[in-house]
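See structure below.
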Amino acid sequence: ANYKSVNLSASTYFVPEFTSMQYLNYGAAVSEVEVNLLTGETRILRADIIYDCGQSMNPAVDLGQVGLSTHNSLMRRLRSFHPS
């Protein structure tokens, strides 16, 4: 990919509606993933997450939000490369 200048990254940017801005949080995530091109086997080597919700109303809910959103994002991205 490097020799042929193939971009292997994926990104997105979301702007919420004004009415939903009462409870905003910000985050970023980066994952290092290894894909075997012969078998299609995919391994997540590392995932780094930064999450800022300001003053937390409920830390347990925040942890759940981070964990579930990370899982959903990874699965959605991996599924887009390997549709069943």
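The values are calculated or read from the model by the stated rules, or taken from the named source; none is laboratory data. Just so we're clear, the structure is a prediction, and the values are computed from it rather than from any experiment. Cβ coordinates were reconstructed from backbone atoms using ideal geometry, including for glycine residues, and neighbour counts include every protein chain displayed.
Kindly provide the set of residues from the range 1-32 that are surrounded by 10 or more Cβ atoms within 10 Å (Cβ to Cβ) and at pLDDT 85 or above, ordered by number.
Correct list: 32 only.
Tell me, which residue of the range 28-72 that is of a type in the set (A, V, I, L, M, F, W, C) and part of a loop (DSSP other than H, G, I, E, B) is farthest from residue 10 (Cα to Cα)?
Top of the filtered list is 57.
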